[in-house]
Amino acid sequence: MAERSLNEHLSHLLAQANRHLSRQLTAEGVSLDQWRLMKVLSEAGGLPMGKLAEELALNLPTLTKLVDRMVQDALVYRVPDPADRRKVRMFLSDKGASMLASQNKRVEEHEAKVEDNYGSEDAQRLKIMLESFIKQIV
(Lines give C-alpha, C1' and ligand atoms only; values in the text may rest on other atoms or scores of the structure.)
Protein backbone atom coordinates (compact mmCIF):
# COMPACT_ATOMS: atom_id res chain seq x y z
CA MET A 1 0.00 0.00 0.00
CA ALA A 2 1.32 3.43 -0.92
CA GLU A 3 2.12 5.83 1.89
CA ARG A 4 -0.71 8.24 2.64
CA SER A 5 -0.32 11.97 2.14
CA LEU A 6 -0.34 14.15 5.25
CA ASN A 7 -3.96 15.19 4.66
CA GLU A 8 -5.10 11.60 4.16
CA HIS A 9 -3.20 10.44 7.22
CA LEU A 10 -4.56 13.21 9.46
CA SER A 11 -8.08 12.66 8.16
CA HIS A 12 -7.83 8.94 8.87
CA LEU A 13 -6.36 9.39 12.36
CA LEU A 14 -8.84 12.08 13.37
CA ALA A 15 -11.72 9.91 12.15
CA GLN A 16 -10.43 7.03 14.28
CA ALA A 17 -10.11 9.27 17.33
CA ASN A 18 -13.64 10.62 16.75
CA ARG A 19 -15.05 7.10 16.40
CA HIS A 20 -13.49 6.05 19.70
CA LEU A 21 -14.92 9.03 21.58
CA SER A 22 -18.22 8.67 19.75
CA ARG A 23 -18.58 5.05 20.92
CA GLN A 24 -18.11 6.16 24.52
CA LEU A 25 -20.71 8.92 24.25
CA THR A 26 -23.17 6.80 22.28
CA ALA A 27 -23.16 4.23 25.08
CA GLU A 28 -25.08 6.87 27.06
CA GLY A 29 -27.39 7.75 24.17
CA VAL A 30 -25.65 10.93 22.96
CA SER A 31 -23.90 11.28 19.63
CA LEU A 32 -20.59 13.09 19.27
CA ASP A 33 -22.29 15.87 17.28
CA GLN A 34 -24.97 16.23 19.98
CA TRP A 35 -22.29 16.53 22.65
CA ARG A 36 -20.39 19.09 20.56
CA LEU A 37 -23.58 21.12 20.01
CA MET A 38 -24.45 21.09 23.71
CA LYS A 39 -20.86 22.05 24.59
CA VAL A 40 -20.91 25.03 22.22
CA LEU A 41 -24.31 26.20 23.53
CA SER A 42 -23.15 25.86 27.13
CA GLU A 43 -20.23 28.17 26.37
CA ALA A 44 -22.09 30.62 24.12
CA GLY A 45 -25.84 30.19 24.38
CA GLY A 46 -28.22 32.03 22.12
CA LEU A 47 -26.38 31.29 18.90
CA PRO A 48 -28.18 31.64 15.57
CA MET A 49 -28.19 28.53 13.38
CA GLY A 50 -25.65 29.96 10.93
CA LYS A 51 -23.11 30.68 13.67
CA LEU A 52 -23.77 27.29 15.27
CA ALA A 53 -23.20 25.55 11.91
CA GLU A 54 -19.92 27.43 11.55
CA GLU A 55 -18.77 26.54 15.08
CA LEU A 56 -19.58 22.85 14.56
CA ALA A 57 -18.33 22.69 10.95
CA LEU A 58 -21.68 21.25 9.84
CA ASN A 59 -23.80 22.27 6.87
CA LEU A 60 -27.19 23.83 7.68
CA PRO A 61 -29.38 20.88 6.56
CA THR A 62 -27.36 18.47 8.74
CA LEU A 63 -27.47 20.88 11.67
CA THR A 64 -31.22 21.40 11.26
CA LYS A 65 -31.85 17.62 11.45
CA LEU A 66 -29.60 17.35 14.50
CA VAL A 67 -31.32 20.29 16.23
CA ASP A 68 -34.79 18.94 15.38
CA ARG A 69 -33.96 15.64 17.13
CA MET A 70 -32.48 17.46 20.11
CA VAL A 71 -35.51 19.77 20.41
CA GLN A 72 -37.73 16.69 20.33
CA ASP A 73 -35.62 15.18 23.14
CA ALA A 74 -35.83 18.49 25.08
CA LEU A 75 -32.03 18.93 25.11
CA VAL A 76 -32.10 22.31 23.34
CA TYR A 77 -34.75 24.85 22.43
CA ARG A 78 -35.29 27.56 19.85
CA VAL A 79 -36.15 31.19 20.53
CA PRO A 80 -36.99 33.71 17.81
CA ASP A 81 -34.22 36.27 17.35
CA PRO A 82 -35.51 39.58 18.77
CA ALA A 83 -33.57 41.55 16.15
CA ASP A 84 -34.75 39.46 13.18
CA ARG A 85 -37.80 37.25 13.69
CA ARG A 86 -36.93 35.23 10.57
CA LYS A 87 -33.98 33.81 12.53
CA VAL A 88 -33.90 31.61 15.60
CA ARG A 89 -31.37 31.35 18.38
CA MET A 90 -30.50 28.06 20.04
CA PHE A 91 -30.22 27.51 23.77
CA LEU A 92 -29.30 24.55 25.95
CA SER A 93 -32.17 23.33 28.14
CA ASP A 94 -31.79 22.27 31.77
CA LYS A 95 -32.09 18.65 30.65
CA GLY A 96 -29.39 19.28 28.04
CA ALA A 97 -27.12 20.90 30.63
CA SER A 98 -27.53 17.89 32.90
CA MET A 99 -26.80 15.49 30.04
CA LEU A 100 -23.78 17.58 29.04
CA ALA A 101 -22.36 17.48 32.57
CA SER A 102 -22.63 13.69 32.56
CA GLN A 103 -21.05 13.40 29.12
CA ASN A 104 -18.28 15.85 29.98
CA LYS A 105 -17.12 13.40 32.64
CA ARG A 106 -16.70 10.72 29.95
CA VAL A 107 -14.81 13.14 27.70
CA GLU A 108 -12.56 14.21 30.57
CA GLU A 109 -11.82 10.53 31.36
CA HIS A 110 -10.94 9.98 27.70
CA GLU A 111 -8.65 13.02 27.69
CA ALA A 112 -7.01 11.90 30.94
CA LYS A 113 -6.19 8.54 29.33
CA VAL A 114 -4.56 10.32 26.40
CA GLU A 115 -2.52 12.51 28.72
CA ASP A 116 -1.55 9.48 30.85
CA ASN A 117 -0.28 7.69 27.75
CA TYR A 118 1.53 10.62 26.14
CA GLY A 119 2.00 13.19 28.87
CA SER A 120 0.26 16.53 29.17
CA GLU A 121 3.10 18.39 27.41
CA ASP A 122 2.88 16.19 24.30
CA ALA A 123 -0.92 16.38 24.34
CA GLN A 124 -0.74 20.19 24.53
CA ARG A 125 1.90 20.30 21.80
CA LEU A 126 -0.31 18.12 19.55
CA LYS A 127 -3.26 20.44 20.12
CA ILE A 128 -1.17 23.50 19.23
CA MET A 129 0.23 21.80 16.13
CA LEU A 130 -3.23 20.78 14.89
CA GLU A 131 -4.65 24.25 15.51
CA SER A 132 -1.72 25.78 13.63
CA PHE A 133 -2.17 23.31 10.78
CA ILE A 134 -5.86 24.17 10.43
CA LYS A 135 -5.21 27.92 10.50
CA GLN A 136 -2.66 27.57 7.71
CA ILE A 137 -4.90 25.58 5.37
CA VAL A 138 -8.09 27.56 5.87
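Tabulated values for the structure
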quantity	calculated
FRET E, pair H9, S132, Förster distance 22 Å, beta-carbon r, rounded to 0.05	0.85
Quotient of Cα Rg and 2.2 N^0.38 Å for the range 20-68, N being how many residues it contains	1.13
Enclosed volume per residue, in Å³, of the convex hull spanned by Cα atoms of the range 84-130	111
Along principal axes, Cα extents of the chain, largest first, whole Å	51, 32, 29
Within-13-Å neighbourhood charge of L13 [Cβ basis; K, R +1; D, E -1]	+1
Residues A17 and Q124, FRET efficiency given R0 of 22 Å [Cβ-Cβ distance, rounded to 0.05]	0.85
Using distinct alpha-carbon pairs, which all enter the 1/r mean, Kirkwood radius of the range 39-93 in Å	11.1
Dipole in debye (nearest 20) - the range 40-127, about Cα centre, beta carbon charges: Lys, Arg +1; Asp, Glu -1	580
The range 1-38-the range 75-138 distance, computed between alpha-carbon centres (Å)	14
Heavy-atom accessible area per residue - the chain, 1.4 Å, Å²	70
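The values are calculated or read from the model by the stated rules, or taken from the named source; none is laboratory data. Because the structure is predicted, anything quoted here is derived from the model rather than measured. Cβ: placed from backbone, ideal geometry, glycine included. Neighbour counts: every protein chain shown. Accessible surface is based on the protein model in full, side chains and every heavy atom, while ligands, DNA and RNA are left aside. Shrake-Rupley method; radii C 1.70, N 1.55, O 1.52, S 1.80 Å.
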